[in-house]
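Worksheet: the structure to be examined is printed underneath.
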Amino acid sequence: MRECPSCAMEVPADAAVCPVCGYEFPVPKAGVRASAWLFVALMVLFAVPLLAWLLGWFG
Ligand SMILES: [Zn+2]
């Protein structure tokens, strides 16, 4: 359980929205999503030169 910062009522710790007042708790998964996008960006940064090199070598 945790306290809602909006209405100060005890709400389930895993609740995304306060059932009393509708306050939306910050979602910690946003950081994970940003990391995933960073991973994709890094993959693209490595994949594009590699593809260019492969095309130049075999083409
Ligand atoms: Zn609330």
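One table, with the values for the structure above:
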item	result
Net +/- balance of residues flanking E10 in space, Cβ distance below 12 Å, scoring K and R +1, D and E -1	0
Value at 222 nm in deg cm²/dmol, rounded to 500, when DSSP H runs of n ≥ 4 in the chain each add -39,500 (n - 2.57)	-18500 deg cm²/dmol
Relative contact order of the chain, pairs being alpha-carbon contacts under 8 Å that are 6 or more residues apart, as %	17
Extension gain, L55 back to E10 (0.36 nm per residue minus Cα-Cα distance, nm)	10.2 nm
Angle in degrees between helix 29-58 and the longest Cα principal axis of the chain, rounded to the nearest 10	10
Kirkwood-based shape ratio for the chain, expressed as Rg/Rh from alpha carbons	1.48
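Here, each number is a calculation from the coordinates, and none is a lab measurement. Predicted, not measured: the structure shown is a model, and the values here were computed from it. Virtual Cβ from ideal backbone geometry, glycine too; neighbours counted across all protein chains shown.
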